[in-house]
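Step one of this worksheet: look at the structure below.
What follows is calculated from the coordinates using simple rules that are stated; it is not laboratory data. No experiment lies behind these values; they were computed from the predicted model shown. FYI the Cβ positions are ideal-geometry reconstructions off the backbone, even for glycines, and counts take in every protein chain you see.
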Amino acid sequence: MKRHNHDRILQDLVKKMVFVLGPRQSGKTWLCKQIGAEIKPSTYLNYDSFTDREIIVGQKWHPETALLILDELHKMPDWKNFLKGIFDTKPARMQVLVTGSARLEAFRHAGDSLAGRYFSHRLLPFSPAEVKGQTEADLVRFLERGGFPEPFLADSDTDADRWRREYINDLIRIDVLDFEKIHDFKAIQTVFELLRRRVGSPVSYASLAEDVGISPNTVKKYISVFEDLYIVFRVTPYSNNIARSLLKEPKIYFFDNGLVIGDEGARFENLVAASLLKHVYNQNDALGRDAELHYIRTKDGEEVDFCLTENQNPTLMIEAKFSDASPAKSLVKMHHKTKIRAMQLVRHLRNETIQGTIEIRRGDDFLSALSA
C-alpha cells in the first residue's frame, strides 16, 4: 500500500535531508526501503546492527550510493553533529533519509546543529483518507483494529488482538523504560490503563495523581513520555492566549485506536481525533502551514470536541457523535456566538443535512475526504 508521504518525501530528498518520524511499527522502515528501491543505488544501514554500525561510524558505504538510509541513528553518540558532517560533505548526488523510533522526535528538539538541513515527515498509522481507493476496509475496521498496518491488514481479528497484546507489552516494558528512567513501573502502567478509559474527557493531573498515589508532576512526566513515544497525543483547549490554553486541562487520545477502552462513542471520537491530527500534521509537514488541533471549552462549561485552526485562527468546529443527528447544544451555542463554521460528524447517519447553518455529516465520508 502506498503511503501518503511517499511522493512528498521523494520531492524533499532532492533539497535536504529527510527525517521520517512516528510511532513504532507505523511502517517507517518499510516506506524508506520502498523509496530506496526507486532511488538506485541505495544503501540501508541500521545502527542496531553491529555490522552496519561499523560501516556507519567509519562512513564506509559504497561511494556511488545515491540514497543513504540511516535507521535508528539517534542511538549513536553525538548523532546530530555526525549527520551535520555527512550532509555538509556528501557528494551532490547523494540523498540522505533518516528514520527510527519515535524517540528521534524528542532528540531532534534537543539542539539546532541541523537547523536548515532537513525536512521532517511524521508517518502515522493508516487513516480512512489514506486507504481510500487502496482497500475496501470500512470504518468498522478502524474502530476495532486501529490503523497500524499489521493489525489493520491482518487476516483475522485474532491475529490483530495478538499483535496488540505484544505491542502493549513492548511499549511499556521496553520503549518507556528504555526512554526514561522510571522507578515505579506499576504507577506508570496504571496511568496508561487509566488514560485508556478516559479518552475524550479533560484530564486532571491532580485527579489521576490521587487515583494512582503519585504526585501531579509525576503524572505530567509520564504523559510526556507517552507523547514523546507517539503513544498518546494531547488536544488542548483553544485560546487566543497560548499560555492560558496550555495551562487548561487537555484531552488525551491514542494514536492506536485499538488501545481505547470504552463504548463505541469513545472509539469513534478517538478515530476522529487521530484523523484530524494526521490532517494537521500533513498541513504542517508537507505544506508548511501553521495548523493546529484544539477543542473548545468555555468558563460556563460549554464544550465542543474539536476545533481546527490555521495561524491560530479557528476555521472549523467539530462535534463527534456515534448516532445522534441532532446538533449538540454546545455546538449550536458556540456557532451562534462565534460564527465559526460548525459541523457534527455522525458515525451512523442516513442522510447528510444542514440544520440551520450547522452541517450534519457522515463520519466516514468526511474522514475519507481529508488530506491524509
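Percent antiparallel among DSSP beta bridges with both residues in the range 177-333, to the nearest 5?
Bridges in the range 177-333 are about 90 percent antiparallel.
By the gyration tensor of its Cα atoms, with a ≥ b ≥ c the square roots of the eigenvalues, what is the shape of the range 252-345: rounded for a/c under 1.5, prolate for a/b over b/c, or oblate?
Oblate.
With a cut-off of 13 Å, note down the residues of the range 178-219 whose backbone N falls inside the zone around a label point 7 Å from the Cα of I261 toward its beta carbon.
Within reach of a label on I261: 189-199.
May I ask you to sort D324, D290, D12 by Cβ crowding, counting other Cβ atoms within 10 Å and putting the fewest first? Mind showing how you got there, number by number?
Numbers: D324 15, D290 11, D12 21.
Listed from fewest to most nearby Cβ atoms, that is D290, D324, D12.
Suppose only helical runs count, i.e. DSSP H with n ≥ 4. What mean residue ellipticity at 222 nm does that imply for the chain under -39500 (n - 2.57) per run, divided by all residues and rounded to the nearest 500 deg cm²/dmol?
Counting only the DSSP helices, I get -12000 deg cm²/dmol.
Provide the net charge surrounding T190, with neighbours chosen by a C-beta distance below 10 Å and charges set as Lys +1, Arg +1, Asp -1, Glu -1.
-2
List the GluC sites (Glu not before Pro) within the range 21-68 that fall in a DSSP loop (any state other than H, G, I, E or B) and whose Cβ has at most 16 other Cβ atoms within 10 Å.
E38, E64
Among DSSP beta bridges lying fully in the chain, give the percent that are antiparallel, nearest 5.
Roughly 40 percent of the beta bridges in the chain run antiparallel, per DSSP.
Using +1 on the beta carbon of Lys and Arg, -1 on that of Asp and Glu, and nothing else charged, what's the dipole of the chain about the Cα centre, debye to 20?
That gives a dipole near 840 debye.
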